[in-house]
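Notes follow the structure.
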Amino acid sequence: MASTLHGKEDRHNGIIVDVDSIPKDATPDSFRAILEASLAKWRQDGKKGIWLKIKSEQSILLPEALAQGFVFHHSRPEYCMLTQWLAPAPNKLPHYASHYMGVGGVVLRQAEGVHQILCVKENWLEKVMPGFWKVPGGAVDPGEDPATAAIREVFEETGIRCEFDSVLSWQFTPEHSFDLADTYVLCLLKPLTYDISIDPIEIAEANWITLDDYMKVQSKVQFPILQESSRLVYECVHGRYHGFQKREVPLGYKKGNALLFTNQHQPEPSSSPPSAKD
């Protein structure tokens, strides 16, 4: 009788297969027997969703998993995750990540009484929109929060070190790339240094330009979303708009903290809300 794969039960009566339970020397033929025996056992036990991770170095086993009813869920350079729904009820397994996340860093300073904003011209953008100044920014890395990502992107592109101040806006764009939506977080940052050193691979030019010049550049581009975002920057500079500050709050249900972005400029409530202690 063939051996079976083992793993841990999830909270929905499914199985997350232990990737190390797949023999390192498994061949498509031997894996077929193991998978058939495992699926038979899981069905007998009334399991629902099965999560099967196959390492990149064992990718030769993927066709056999697909032949036995597994489907691709997501992949990373080091593995491919597949799933199979065994229950007669509709498939309730969650989809993989449905969004990209990007950030922009709004870095402001005053020089001789004039408001200035740190801007860049990106190499690829110069080919289609020559002379267009934009705030530095880019994609959020896995596990990275937007505030940290904005600080990192500004430093990588301009050499300017910053600290986080607030989130000015959170933009959602459906069907951005590869049929996935995009969220774009515009962060207000405080500069800690001022001397620019660009990354020539990505950036054609970087400079501190006046806020008025920045607004003129944005107004020339007939993209309402850019004009609205730049208006928020302008209103922020003149004290008529405030973003969301970052607070770390303990999760409670497991170790670690969450980042909570809230508008601290709203007036404090006149009384505390009721709690379980009341």
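The values are calculated or read from the model by the stated rules, or taken from the named source; none is laboratory data. Bear in mind the structure is a predicted one, so any value in this text is a computation, not a measurement. Every residue, glycine among them, receives a Cβ derived from its backbone with ideal geometry; neighbour counts consider all protein chains shown. Heads up: the accessible areas ignore ligands, DNA and RNA and are worked out on the full protein's heavy atoms, side chains in. Shrake-Rupley method; radii C 1.70, N 1.55, O 1.52, S 1.80 Å.
Magnitude of the Cβ-charge dipole of region 28-172, K/R +1 and D/E -1, about the Cα centre, nearest 20 debye? Write down the numbers at each step before the final one.
Details: 15 positive and 17 negative charges, 136 e Å.
Rounded to the nearest 20 debye, it is 660 debye.
Please give the contour-minus-distance gain from H242 to Y194: 0.36 nm per residue of separation, less the Cα-Cα distance, rounded to one decimal in nm. Spell out each step's value before the answer.
Working: separation 48, 0.36 × 48 = 17.28 nm, distance 2.38 nm.
Full extension from H242 to Y194 adds 14.9 nm.
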Checklist entry - Does the chain come out rounded, prolate or oblate, given a ≥ b ≥ c as the square roots of the eigenvalues of its C-alpha gyration tensor, rounded meaning a/c under 1.5 and, failing that, prolate meaning a/b above b/c? => result prolate
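Kindly identify region 52-114 as rounded, prolate or oblate by the Cα gyration tensor criterion: order the square roots of the eigenvalues as a ≥ b ≥ c, call it rounded if a/c is under 1.5, otherwise compare a/b with b/c, prolate if a/b is larger, else oblate.
oblate
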Checklist entry - V19 versus A139, label points 7 Å from Cα toward the beta carbon: distance in nm? => result 1.9 nm
Next on the checklist: Test of understanding: given the chain, find the longest segment containing no chymotrypsin sites (Phe, Trp or Tyr not before Pro) that are in a DSSP loop and have at most 10 other Cβ atoms within 10 Å.
Outcome noted: 1-177
Item to check | FRET efficiency, M215 to E78 (Cβ-Cβ, R0 41 Å, nearest 0.05) | outcome: 0.35
Item to check | Alpha-carbon centroids, region 146-193 and region 14-34: separation in whole Å | outcome: 41 Å
Checklist entry - Please state the relative contact order of the chain as a whole percent: Cα pairs under 8 Å, 6+ residues apart? => result 13 percent
Next on the checklist: Rounded to the nearest 20 debye, what is the charge dipole size of the chain about its Cα centre when +1 sits on each Lys and Arg Cβ and -1 on each Asp and Glu Cβ?
Outcome noted: 900 debye
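For region 63-222, what is Rg from Cα atoms divided by 2.2 N^0.38 Å, rounded to two decimals? Working shown, then result.
Working: Rg = 20.5 Å, N = 160, 2.2 N^0.38 = 15.1 Å.
My calculation over the Cα atoms of region 63-222 gives 1.36.
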Next on the checklist: From the helices alone, meaning DSSP H stretches of at least four residues, give me the mean residue ellipticity at 222 nm for the chain, per-run term -39500 (n - 2.57), in deg cm²/dmol to the nearest 500.
Outcome noted: -7000 deg cm²/dmol
Item to check | Farthest positive-ward along the chain dipole, Cα basis, beta-carbon charges - from A181, G14, L118 | outcome: G14
Checklist entry - Using alpha-carbon pairs under 8 Å, 6+ residues apart, how would you state the relative contact order of region 1-137 in percent? => result 17 percent
Next on the checklist: If each residue of separation counts as 0.36 nm, what is the full-extension length gain between H12 and Q110 once their alpha-carbon separation is subtracted?
Outcome noted: 29.7 nm
Item to check | Simple spin-label estimate for A67 and A33 in nanometres, 7 Å along Cα-Cβ | outcome: 1.5 nm
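If we count GluC sites (Glu not before Pro) as exposed when they sit in a DSSP loop and have at most 11 other beta carbons within 10 Å, what is the longest stretch of the chain that avoids them all?
Details: sites that count: E78, E112.
Within the chain, the longest run free of exposed GluC sites (Glu not before Pro) spans 113-278.
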Checklist entry - Say the cut-off is 23 Å between C-alpha atoms; which of K48/K254; K55/K255; K127/K190; K134/K220; K8/K254 go over it? => result K48/K254; K55/K255; K127/K190
Item to check | Probe 1.4 Å - accessible area at M81, Å² to nearest ten | outcome: 20 Å²
Checklist entry - Taking the Cα-to-Cβ direction at E175 and at F223 and moving 7 Å from each Cα, how far apart do the two end points lie in nm? => result 1.9 nm
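So which trypsin sites (Lys or Arg not before Pro) in region 4-78 pass both tests, a DSSP loop state and at most 11 other Cβ atoms within 10 Å of the Cβ?
R11, K24
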